[in-house]
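Notes follow once the structure below has been shown.
The values are calculated or read from the model by the stated rules, or taken from the named source; none is laboratory data. Because the structure is a prediction, the values reported are computed rather than measured. Using ideal geometry, Cβ is built from the backbone for each residue, glycine included, and neighbour counts are taken over all protein chains shown.
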């Protein structure tokens, strides 16, 4: 009877280790897929830089554009920063990527968010015709500590997001 119990215990241990190894391989494959980059073709036929994806065109006037640059940080490295201008998605930026997009003169609302983190960061930018603007995107300081809580982080982040704007995984600032 004792040998039967030992044999059953050994089978359970082996199944446990196989399950752990399988889950580890799936997690690694997911990380590799999230970090893999490539070039996307834009609507106008041009090539979008690696780490960025082409989005819908925003009507611009006389060369008015915004250069969006995401900091090269390991925080949220596998999560794209989704940038929208006046509600239209214009870029998905991975760590270290940048994209230059046209923008209409006048008042514009620019938002950045992450699909895996509730909330977003927004800025209002009054654009003058013919001018180029640069915006730096980086992980939001208040979001990093929350992630150390593990599963409870989702509840804390959702509570932060419900308290108003400028929440979420990323923050932005106009550089020039």
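Annotations
- In region 63-79, the count of residues that are modelled with pLDDT under 90 and more than 15 Å from the chain's Cα centre (by Cα) is one or more.
- Subset of region 128-146 [within 13 Å of residue 112 (Cβ to Cβ) and either crowded, with 18+ Cβ neighbours inside 10 Å or at pLDDT below 95 (or both)]: 135, 137, 138, 139, 140, 143
- All positions within region 67-86 that are part of a loop (DSSP other than H, G, I, E, B) and either surrounded by 16 or more Cβ atoms within 10 Å (Cβ to Cβ) or touching a residue at least 24 places away in the same chain (Cβ under 8 Å) (or both): 71, 72, 73, 75, 76, 77, 78, 79, 80, 86
- Within region 89-127, the set of residues being surrounded by 16 or more Cβ atoms within 10 Å (Cβ to Cβ), part of a loop (DSSP other than H, G, I, E, B) and under 12 Å from the mean Cα position of the chain (by Cα) comprises 94, 95, 97.
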